Amino acid sequence: MEELRALTREIAVKREGVISDINVNVEFHVPGNHLVPEFEGVRTGVFRKKDALLKVQAALPPDSPENPRPALIGVLLAALDAVDAWALVKKRTVDTRELRALVEALEHR
């Protein structure tokens, strides 16, 4: 999906200078001819304490909208919601405001 690649490149450029107490790696599961995600929505995965990295998996729906960018940005915001929920359960202090600002800036490009 070209829009996903373009958004990934955009985030890589815009994340320079963003400060956060947690690093988030959103891994998109894109349905294709041979594989279909076994879940819907987003879910948290492995947390790597040494670099404060939380993996969030996001399953995209089988039917891509004509303009996928708003939907992908919505998935990124849902991933940050999942990070906040994870932090509550794990009793960790996590501030995702800077990450949210980065994602929200993508909406207004």
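Observations on the model:
- Residue within the range 50-59 that is over 15 Å from Val24 (Cβ atoms), open to solvent by less than 100 Å² (accessible area, probe 1.4 Å), assigned to a strand (DSSP E or B) and not charged (D, E, K, R) present: yes
- Within the range 68-91, being over 12 Å from the mean Cα position of the chain (by Cα) and modelled with pLDDT under 95 holds for Pro68, Arg69, Pro70.
- Those residues of the range 1-49 which are exposed (fewer than 15 other Cβ atoms within 10 Å of the Cβ), more than 18 Å from Leu106 (Cα to Cα) and in contact (Cβ under 8 Å) with a residue 60 or more places away in the chain, in sequence order: Asp21
- Leu99 being surrounded by 18 or more Cβ atoms within 10 Å (Cβ to Cβ) and within 11 Å of the chain's Cα centre (by Cα): yes
The values are calculated or read from the model by the stated rules, or taken from the named source; none is laboratory data. Predicted, not measured: the structure shown is a model, and the values here were computed from it. No Cβ is skipped: glycine too gets one built from the backbone with ideal geometry, and neighbour counts run over all protein chains shown. Just the protein is used for accessible areas: all its heavy atoms, side chains included, with ligands, DNA and RNA removed. Shrake-Rupley method; radii C 1.70, N 1.55, O 1.52, S 1.80 Å.
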